[in-house]
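Okay, structure first, notes after.
The values are calculated or read from the model by the stated rules, or taken from the named source; none is laboratory data. Predicted model, so just to flag it, every value in this text is computed and none were measured. A quick note on method: Cβ atoms are made from the backbone with ideal geometry, for glycine too, and the neighbour counts reach across all protein chains shown.
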Amino acid sequence: MSSPPVERELERTFRPLIASGRAPLRVLVAFSGGPDSIALLAGLAAVAPRLGLEVHAAHLDHGLDGDSARRAREAVRLAAGLGIALAVAGPEPNARPGGQSVEAAARRARYAFLERRADEVGADFVATAHHADDQAETVLLRLLFGSGLAGLAGIRERRGRLVRPLLGLRRRQLHDGLGSLLAPLSPVVDPTNDDLAVARNRVRHLLLPRLERRWPDVVERLCALAAAAAAAGRRTDALLAARLAPRPLSGEPGVEVDRAAFDALPEALVPHALALLHRRAGAAFPAAAQARGELGRQLRAGPGGRAGCDCGGGWRWEAGSGVLQLARREPFRPEFTYTLEVPGEVEIPEIGLRFRLCRGRVAPWMFTARPDRAGLAEPRPAAGGGRCRIEVRNRRPGDRFTPLGCGHRRRLKDLLIDRRVPRRRRDRLPLLVVDGEIAWVPGVTVAERFRLASPSSGRWAWIAEIETLEGRGIGPSGNGGRDRYVPHCEGSAAPDDATTTASPAGLATEQERLEP
């Protein structure tokens, strides 16, 4: 038997989702084995037949005390008593990043596990048993720690596929009608929930009961505050999105905005803007306060200059060339090599781009800086009259060539550092290679060997172009200027031999030059 209020809330939450999606809807329940999660799982098991739900459950044993393995086994037994198989996973080594409390690290590990398990079973939604008392505790904690608007919004009813269908109910409502069910099932009791060294437990067991004795409706008031803050946050998000116009990065997870628009924001809105961009980028969590502070320090230190800051979870902020980007750092990019002829084109799925090569007359646009197009002088015929071997590939250790305007060969890696190409993009550049020699580094330069004659010569040239597989250019005419490297080709600001000054601190260090 489950609680009638619980069943009503579950139907209110899931019936509209079923109407707008496929059936059966798969729901993964975060199941600790405590009374709250039993109420949620029992309720879903009761409404599943009439709503057409397929219910799964998962439990992460954090291993924070010697009794956790026993509690995990009890959770398996409890779920089986409700007719649901429970998937259990143990703690991961090194699951607590530096600077995080035990509770924060456990929470992040738990949600990461639920996301993985949801992918494994093909779940449409992940449901947790958070309720109104949890919401009130959260808002109180955020008030005590001086949280801003986003913090006061408390626990969100829905975020992506994560849903909290019971946020509108008090704890006692979850348990109504479960008496006959809870007795034989003997819910799991987690002793850490009674540890008064934990701030939430002090709020739960000491502060909130005293407030309720003075103001019996304090929980409802705190929940109303959370709802008002959430509504204000949604409006602020909409205004910020209109002001910043965030754009997704092409070919990799991330988002970017114009630096000038970001720098013009009032200081009070910057944390909210960063949180919005994290959500737009697909990051699971916003940047920690320490990372936000470091990014702000760098941005204030050099308005319009370079900035770079890791912000956790493999995500990194980078600023420069007129944009501020948030992107996930990819630790490894597979090597790729493709051959083509003139005319011809090739798709490069590893980086989500299409490379096209054709012939055309020398034209004025070839003497301007373009990140997605270049004009190159046709190479001289190979010895014996054979065709050139034309390849498109990413960089290799030891790559060298003679850039335009440079009187000597240079390491490609040093050139990319000096031209301020972000480290994560260097392996993604589709290099045009002719007979083993680099001819074009997109958005950076062409080789001296492929210097064009004047526009009035009327000679034929090669035209190299790149675009996303969706058919958008990667320059200003495509996605708003992504890959805005400053190309140094004929007609741009300076020849290569003028770029001998050191890059800004933190961008091109000697250590970086020694790395791959």
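So the values come out like this:
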| item | result |
| --- | --- |
| Total residues in the range 346-378, condition within 17 Å of PRO403 (Cα to Cα) and either in a helix (DSSP H, G or I) or without any contact (Cβ under 8 Å) to a residue 24 or more places away in the chain (or both) | 2 |
| Boolean, LEU415 is modelled with pLDDT of 90 or more and not in a strand (DSSP E or B) | yes |
| Looking only at the range 123-154, and only at residues there that are more than 23 Å from ARG170 (Cα to Cα) and touching a strand residue (DSSP E or B) at 6+ places or on another chain (Cβ under 6 Å), the one that is surrounded by the fewest Cβ atoms within 10 Å (Cβ to Cβ) | ASP124 |
| Residue count, the range 124-139 (criterion: part of a loop (DSSP other than H, G, I, E, B) and over 21 Å from GLY34 (Cβ atoms)) | 1 |
| Helices (runs of 4 or more DSSP H) enclosed by the range 236-324 - at least 2 residues per element that are touching a Leu at 6+ places or on another chain (Cβ under 6 Å) and either within 30 Å of ARG354 (Cβ to Cβ) or outside the structural domain of ARG419 (by TED's automatic domain parsing) (or both) | 259-263, 270-281 |
| Residue in the range 418-430 that is of a type in the set (A, V, I, L, M, F, W, C) and under 24 Å from GLY344 (Cα atoms) present | yes |
